[in-house]
Structure formats: structure tokens, C-alpha cells
Amino acid sequence: MTIPIPAEDPRHVPNRAVVDPSAITENTRAIAGTLAGHTALMAVVKADGYGHGMLTAARAALEGGATWLGVAHPASALALSRAGLDVNILTWLYEPETAKAVLPEALRAGVNVSVGSFEMVSLLSEAARQADRRARLHLKIDTGMGRNGVLPQDVRRIAAAIQEDDYLRIGAAWTHLTSADDPADPATDAQVEIFDAACADLAEEMGPVPLQHLANSAATLTRPDLHRDIVRPGLALYGYAPVPTDLELRPAMSLTSRLALVKEVPEGQSVGYGRTYATSRATRLGLVPIGYADGLHRAASGRAEVLVRTAEGDVRAPQVGRISMDQIVVDLGPDSAARAGDEVVLFGAGAPSAEDWARAAGTIPYEVLTSVSGRVAREVLP
Ligand SMILES: Cc1ncc(COP(=O)(O)O)c(C=O)c1O
């Protein structure tokens, strides 16, 4: 039995991940506008929609022109289907227990399932028999990521095994790029070459491959030649571009809290565990009741800023000292008008971005967004 963590009543915790679905819709629309007519957009809404809420993200992306949804876990695919999202859904990550428990129902719901190994072919075949449905599978080819997917030299053999099984049919070939966020990296073209050769092998075994897809956000934004039949952007839908782009993308999530107290301290006041910071002048410190248990990265300690909405206007304040589990301290400056209760924006529109926090923590915005923990209530704007 799995037991959920008891939730705190969000009405009595000031921290919010405020999600603006219209930003996801507009970002999707902007990206869809760069695609050729025959290329579909698969919105990647795994990891609870990159922390934004999977259903919120999915509905918003579909409104913006997505016609596919992509998730890692079959259980997520089922949740999308059960929510009535009657679109193409692809799921790609499962092990034998999960396959036995979830794939038959997923197939009955019409979900497209990826296979990336001979064992996955057997698991899907078994599930298809149980569901009494012919599974439309996407064959994942490992062109260099070294994770999920069949090696190119095994493509013919796996295709032959699939062809022999009346319950299976190949609907697509796909792969995932390791380095598209660095457009100068020749690894992308090397992967494409391997993918194309594998697709040619496949075509000899089974005739033309109905669909091909390989472009994540970075490749979608920089490599129109790789759009093929479907693109699979994730991060860009949520408003962050992993590569420079002219598209105007708007971050869809703001992380907010409120000041718990403001206090005047003298020069030399130490702050936080390990006393890594001491004030260089008399100043006002603000205490914010949000910490690493809420998803702030402790590695960003002393390197990030927040926005404080005071009665005299919005001001940026540096976060000082170590980030604690439930709280951080910001240096408001000696003349600050900030008071307990004032809103604090950790990241979001007009404030530092998730990208700024990622830089401060030595990580990527993907991790900042998906780290916002379950104890932070999601507030979805109308
Ligand atoms: C298989 C697959 N496709 C597409 C994506 C979307 O990538 P990005 O968020 O960089 O657009 C991901 C996310 O990592 C993925 O795992």
C-alpha cells in the first residue's frame, strides 16, 4: 500500500506556484506557428507538466494547437485519457510490473506506447493480447543517449519480431537528442545520420515508417529540418527556451510567498546555518517562509534574488545566508518600506526567472520548475 504524505492545508501556508495556462497556450501557439503544415506538435507534459500540473498544462497546450501529448509513465497517459483528453498520447517509460498493471488499460484507451527493447516488445505484446487490441507502438532508437531505445544494429531484428506479431504494429520511429541545446555540437547531426539509417533499415523490413520524430524544444527552435512529422517540445511550452530564439515565450509559473517578519539588524549580523553571511551595514532583513523543502535549491544560497512587493513599489532583494528547509532571509536594505505580509516573488513575471535560480544553483530551469514540491499549492489563473 502506498500512503500519501499528509497535505498541509494550503489556505494556511502562504507559498504558491501560480500557473498561468494562457502563457502555455500562447507559447504553444507561437511554436506551432513555426511548423510546416504536416508537422504535429506533441506537448510534453511529463513530470506533472514540468511542475505546472499535468492536466492544466495539457489542456492549455491543446488549446494552443498541440495535437499530441507525451508523458514518461503509462500511469500519466491513463490519467490524461481518464480526464477525457481524447487526443494522441504517447508514453515511453515502464518496467515489467508497471507494464502488466497498466498497459492493457492504456491500450484499451488508445494510448500509443513506445518500445525500446526486445523485452518491452514482449511486455507490450502480452498487454495487447490481454486488452485484445492491436498496439500502435513507437519504436525508440538509441542514437547516442544510451538510455531507452534499441541500438541501431538491432533495428532490423526487432522490426522483424514486431512484424511477426499480429497484436503489434509500428506507428512511428523516434529518438531523443543529447545535445540539441548546443546548436554547434556535431553530436546532433551524428544522431540524425544514425536515425535516418535506422529508419531506412526499418523501411526495408516493413515499408515506409508512418511517422518519425526527434525534436525537443531546442531542436524545434533551431532545426526546422528536424521537425519531421511531430515535434516534442517541453520546456519551451512553459516559457523557457534552452537556446536563443526570437520567439516570445512567457514563463507560465510564478513562485510566490509572503514576508513573515522584517527586522532591523546592526552591521555584522550573521545569517543562517554556518554563518556564511554577515551584514556589511545596519540593514533590514526579511524572513520568507519558503525553503529547500519547497523546492528552492540550497546550492543557490547567497546567489539568488527575489522581488518584494512593498507599499512603495517592487524592489529586488538578495537572498543571503544559507537556504534552510522552510525559510530564507533576504536583505531588504536599510531604508526598505517592506513589512510582514508583503508578497515575495521568488521567480516569475517581472521578477527573477527560474533561469536565474538555475544559474545560481548551477542547474537548469527544468530542475528548478520540477523541484517545486508537493507542499506548494498550485494556483491556476482563470
Ligand atoms: C523523450 C522526450 N522528448 C521530449 C522531451 C522534451 O524536451 P524539452 O523539455 O527539452 O523540450 C523530453 C524531456 O526531457 C523527453 O524526455
Checklist entry - Residue check, residue 25 against (1) within 15 Å of the ligand (Cβ to nearest atom); (2) buried (at least 20 other Cβ atoms within 10 Å of the Cβ), all met but one. Which one? => result (1)
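So that you can scan it fast, the table gives a plain yes or no per residue for (1) touching a His at 6+ places or on another chain (Cβ under 6 Å); (2) over 24 Å from residue 276 (Cβ atoms); (3) surrounded by fewer than 20 Cβ atoms within 10 Å (Cβ to Cβ); (4) of a type in the set (Lys, Arg):
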| position | (1), (2), (3), (4) |
| --- | --- |
| 335 | no, yes, yes, no |
| 343 | no, yes, yes, no |
| 349 | no, yes, yes, no |
| 359 | no, no, yes, yes |
| 363 | no, no, yes, no |
| 367 | no, no, yes, no |
| 374 | no, yes, yes, no |
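Just for segment 194-222: of the residues that are closer than 29 Å to residue 33 by Cβ and more than 16 Å from the ligand (Cβ to nearest atom), which one is farthest from the chain's Cα centre (by Cα)? Steps first, please.
Taking segment 194-222 and keeping what is closer than 29 Å to residue 33 by Cβ, we get 195-196, 199, 208-222.
Now narrow it down to the ones that are more than 16 Å from the ligand (Cβ to nearest atom): 196, 199, 208-210.
Numbers: 196: 27, 199: 28, 208: 32, 209: 28, 210: 27 Å.
Ranking the qualifying residues of segment 194-222, first place goes to 208.
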Checklist outcome for this item: Of the listed residues (60, 36), the one being assigned to a loop (DSSP other than H, G, I, E, B) and either more than 12 Å from the ligand (Cβ to nearest atom) or within 23 Å of residue 212 (Cα to Cα) (or both) is 36
Checklist entry - What is the residue count in segment 82-97 for residues that are within 13 Å of the ligand (Cβ to nearest atom) and either more than 18 Å from residue 175 (Cβ to Cβ) or of a type outside the set (A, V, I, L, M, F, W, C) (or both)? => result 1
Next on the checklist: Residue pairs, Cβ under 8 Å, 6 or more apart or interchain, first in segment 89-117 and more than 10 Å from residue 137 (Cα to Cα), second assigned to a helix (DSSP H, G or I) and hydroxyl-bearing (Ser, Thr, Tyr). List them.
Outcome noted: 89/81; 106/81; 109/81; 110/81
Checklist entry - So which residues in segment 287-297 are part of a strand (DSSP E or B) and either surrounded by fewer than 20 Cβ atoms within 10 Å (Cβ to Cβ) or touching a residue at least 60 places away in the same chain (Cβ under 8 Å) (or both), if there are any at all? => result 287
Checklist entry - Can you name every residue in segment 135-176 that is in contact with a Lys or Arg (Cβ under 9 Å, 6 or more places away or on another chain) and of a type in the set (A, V, I, L, M)? => result 135, 137, 150, 162, 168, 170, 172, 173
Checklist outcome for this item: Across segment 328-382, the tally of residues that are closer than 18 Å to residue 304 by Cβ, acidic (Asp, Glu) and within 22 Å of the chain's Cα centre (by Cα) stands at 3
Next on the checklist: I want to confirm something. Restricting to segment 229-286 and keeping residues that are in a loop (DSSP other than H, G, I, E, B), away from the ligand (no atom under 16 Å from the Cβ) and among the hydroxyl-bearing types (Ser, Thr, Tyr), which single residue is surrounded by the most Cβ atoms within 10 Å (Cβ to Cβ)?
Outcome noted: 279
Checklist entry - Mind checking whether some residue in segment 130-140 is modelled with pLDDT of 95 or more, away from the ligand (no atom under 16 Å from the Cβ) and buried (at least 23 other Cβ atoms within 10 Å of the Cβ)? => result yes
Checklist entry - residue 121: more than 23 Å from the chain's Cα centre (by Cα) and under 25 Å from residue 201 (Cβ atoms), yes or no? => result yes
Next on the checklist: So, in segment 158-187, exactly how many residues are without any contact (Cβ under 8 Å) to a residue 12 or more places away in the chain and not in a loop (DSSP other than H, G, I, E, B)?
Outcome noted: 0
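The values are calculated or read from the model by the stated rules, or taken from the named source; none is laboratory data. None of the values given here were measured: they were computed from a predicted structure. All Cβ positions, even for glycine, are placed from backbone atoms using ideal geometry, and neighbour counts span all protein chains on display.
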